[in-house]
Structures are given as C-alpha cells and as structure tokens.
Amino acid sequence: MLIRRPSDISPSEITPRRCYEGRREFIKLAAAGSVLGAAGLFARGAAAQEKTLGLQKLASVAKSALSTGEPPTAYKHVTSYNNYYEFGTEKDDPARYASRLKLRPWTVAVEGEVMKPRSFGIEELLKFPLEERVYRLRCVEAWSMVIPWIGFEFNRLARLVEPTSKAKFVEFVTALQPETMPGVRLPVLDWPYVEGLRIDEAMHPLTILCVGLYGEVLPNQNGAPVRLVVPWKYGFKSAKSIVRIRFVERQPKIAWEKANPSEYGFYSNVNPNVDHPRWSQSRERRIPDFFARRPTVIFNGYGERVAGLYAGMDLKKLY
Ligand code: MTE
C-alpha cells in the first residue's frame, strides 16, 4: 500500500470522495440563497476575528487537574477551522453557515438499557458542575489543536439514568435539522451523524459532555449546545449537537464506518503506528501552522490513563 505524508496530500484526497464531489452541489445551494443571508454571513465572519464571539458566559467553572499544560489554540482558529459536515465539507463552512442551527428548545433523550430513561433540557445540562478541561484534539486528517473545553464527565449523567448490565455500548445521535443544515441535502454521510463508544470508554473520567469553550457556551460550529469530547480518539468520535444518547447491547454502526468501513473503525484511537489507508498518522500539524509537523503520540498522549482499556486487543485490527 502506498503511504504518503500529509504534506503530499491535497485536501480533496483527505476528504472522502463523496464529500468533495458534493461540494459543487453545496455551493449551488448556498448561492441560491437557501442557506444563509449575506448579512448573517458577514456578521459571523467579522466576529470570528475577535477574541471570542461574545456568547453567553459560563459561570462557576472549576479548573481541572486533567488539563494539558500546552498553550491553547487561538479562539479564532478553534471556531473557524471546523468539521461539521451537516453545514458543508470545507473547513470554513461551519463558521459561515452554522449560525442557522436552531438551539432552543433543546433536549437530550437518554434511553435504552437504563433503569431510569429520561430527557434532559439543555438548561439542566448547563447546571451540572462545570469544569474547564484543556485537551488536545487530534483529527484523523493529521492536524491538531489544543482547546479549553467546558463540560462535565459523561459518567455523571450516566449514573442518573442507571445503566443496566446489558448496557455494553453507548450511541450518540446528533441533530438532523434539514431546514437549517444545507449539508444534509447531500448524501455525504448516512444522516443523522451517529457516534458510539464502548461503555467503559464512555464512563472513563476523561470523556466529557461539553457545553462550552473559552469561558462561553459552545459556538454553533463547534457543536452547540452539547457535544462529546473523547481526547484519546480521533476528533470525529466527538459527536456535535447531541439529541439522543442510547445505552445499547450491541456495537453501534457509526456514521464514518458506514460511509467507508475500510478507512474508519469503531475504536479510532489516536495511534501513530496504524496509518490511515491513504496517509500516515505518524505526524501531525498543529493549527494554524501549516508546515511544521510534530510526532503524533499514542492515545494522543493520554495513554497512561487509557491504555488499560485496550489490554490484550490487537489495535492494528481493531483500529
Ligand atoms: N459531529 C457532527 N454532528 N458532524 C460532523 O461532521 N465532525 C467530527 C466531529 N463531530 C462532525 C461531528 C470531526 S471529523 C471532527 S475532527 C470534530 O467534530 C471537529 O470538532 P471541532 O470543529 O470543534 O474542532
């Protein structure tokens, strides 16, 4: 198999073929005015230059001992270089178009193999004891950022619904709003975007439900109002704009695995020793630096805390 370094790879090769083929169609939809008014587009673009977007501040946020000491990536990059395919496949599409996302009312249904299924309104989730966790995010496309997320451990929410002994996996289903999401008119993925974790991964103290970043509620392009963050896995495991959480017995079929099972596995742990079929995963570039590359670290540097979850597993097969 031919493995090329990311420097040799054009974005159109990294982006799955269906995505870039759909790009021309997407631009037509946007130009037809069905996506976003020009005024909104301008306002969003201008605001992204400021330190923050001035969104609702989050109060009483504790600092976490689980934060990395690395300097965070500037807010403008965190909020303008995104993957949120429901709003388009280019990195700047989410910052342009996600302002349309309808955020209220917003509930997250928690169901399946649990003793006490129930829904949580977003206001309730914002009242969980919040922590700032500065985590590295390593994207499968071989770039990374450092982001001061705000959220709470997923296991706190899970304990309230009391998973049964049959709960072996957790499925995260994200919002599908065809009226606000131009990207879902194209068959890029099998919408809605679904992600999944094994139950012990979900309950791990590093796994958080995230409601904010840089002291404010989440910008839409980063997955408002609530998303998952699993720092030792590739970024695509971090499902954005979650509406349903299901505790299940069988391993869920996740969106990227359905789209291309030979390229994207269920586990998707950051692993410099397992290349993507089309490029190496041994190095990464830290946004916004487009040239310097640093070595990728197994489990994105969180190995001391998570390697035990995979004891005895062949991570080349179960990638
Ligand atoms: N969640 C949804 N619903 N749709 C998406 O397209 N993209 C994933 C993940 N969550 C995605 C998603 C990918 S590929 C990455 S790298 C991260 O979100 C990017 O998160 P960020 O834009 O906040 O950096």
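The values are calculated or read from the model by the stated rules, or taken from the named source; none is laboratory data. Bear in mind that the values here come from a model prediction, so they are computed numbers and not experimental data. Using ideal geometry, Cβ is built from the backbone for each residue, glycine included, and neighbour counts are taken over all protein chains shown. These accessible areas exclude ligands, DNA and RNA; they are computed on the full protein's heavy atoms, side chains included. Shrake-Rupley method; radii C 1.70, N 1.55, O 1.52, S 1.80 Å.
How do the peptides 180-188, 240-248 rank, highest first, by the average count of neighbouring beta carbon atoms within 10 Å per residue?
On the way: 180-188: 20.2, 240-248: 22.0.
In descending order of packing, they fall as 240-248, 180-188.
Report the full-extension gain for the segment Asp275 to Arg185: residue separation times 0.36 nm, less the Cα-Cα distance, to one decimal in nm. Provide the component values of the computation, followed by the final result.
On the way: separation 90, 0.36 × 90 = 32.40 nm, distance 3.14 nm.
Value of the extension gain: 29.3 nm.
Where a ≥ b ≥ c are the square roots of the eigenvalues of the C-alpha gyration tensor, would you call the range 165-217 rounded, which needs a/c under 1.5, or, failing that, prolate if a/b is larger than b/c, or oblate? Don't jump to the answer; show the numbers that get you there.
Values: a/c = 3.32, a/b = 1.37, b/c = 2.43.
Oblate.
Just order 132-139, 290-297 by mean Cβ neighbour count inside 10 Å, highest at the front, would you? If you can, show how the numbers build up before the last one.
Values: 132-139: 21.6, 290-297: 11.9.
Highest to lowest by the protection proxy: 132-139, 290-297.
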**OP:** Using a 1.4 Å probe and counting only protein heavy atoms, arrange His276, His77 so the residue with the most accessible area comes first.
**Re:** His77, His276
**OP:** Taking all protein chains together and a probe of 1.4 Å, list Ser80, Ser60 from the most accessible to the least accessible.
**Re:** Ser60, Ser80
Subject >> Other-chain or far-sequence residues with amide H under 5 Å of Gly196's (modelled H) >> reply: Phe172
Subject >> Proximal charge balance of Tyr193 [Cβ under 13 Å; K/R count +1, D/E count -1] >> reply: +1
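Which length gain, in nm to one decimal place, applies between Asp92 and Asp200 when the Cα-Cα distance is subtracted from 0.36 nm times their residue separation? Write out the running numbers ahead of the final one.
Details: separation 108, 0.36 × 108 = 38.88 nm, distance 3.44 nm.
Full extension from Asp92 to Asp200 adds 35.4 nm.
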**OP:** Would you tally the net charge around Met181, using a Cβ to Cβ cut-off of less than 12 Å, leaving Met181 out, and scoring K and R as +1, D and E as -1?
**Re:** +1
Original post:
Near the amide H of Val114, under 5 Å away, which other amide H atoms are found, from residues 5 or more places off or on another chain, if H is placed in the peptide plane?
Top reply: Thr164
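Please label the shape of the range 130-195 as rounded, prolate or oblate, based on the square roots a ≥ b ≥ c of the eigenvalues of the alpha-carbon gyration tensor (a/c under 1.5 means rounded; beyond that, a/b larger than b/c means prolate, else oblate). Display every interim value, and only then the final one.
On the way: a/c = 1.96, a/b = 1.18, b/c = 1.66.
Oblate.
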Subject >> Point-charge dipole on Cβ atoms (K/R +1, D/E -1) for the range 162-319, about Cα centre, debye to 20 >> reply: 260
Original post:
Label-point separation (nm) for Phe291 and Asn260, each offset 7 Å from Cα along Cα-to-Cβ?
Top reply: 2.8
**OP:** Report the relative contact order of the range 12-310, percent, no decimals, based on alpha-carbon pairs under 8 angstrom and at least 6 residues apart.
**Re:** 20
Subject >> Theoretical gain in end-to-end length, Lys168 to Leu103 [0.36 nm per residue, Cα-Cα removed] >> reply: 20.4 nm
**OP:** For the range 12-310, just say rounded, prolate or oblate: build the C-alpha gyration tensor, square-root its eigenvalues into a ≥ b ≥ c, call rounded for a/c under 1.5, and beyond that prolate if a/b exceeds b/c, oblate if not.
**Re:** rounded
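For Leu318 and Ala59, what does the FRET efficiency come to when R0 = 35 Å and r is the distance between their Cβ atoms, rounded to the nearest 0.05? List each step's numbers first, then the result.
On the way: r = 42 Å, r/R0 = 1.19.
Rounded to the nearest 0.05, the efficiency is 0.25.
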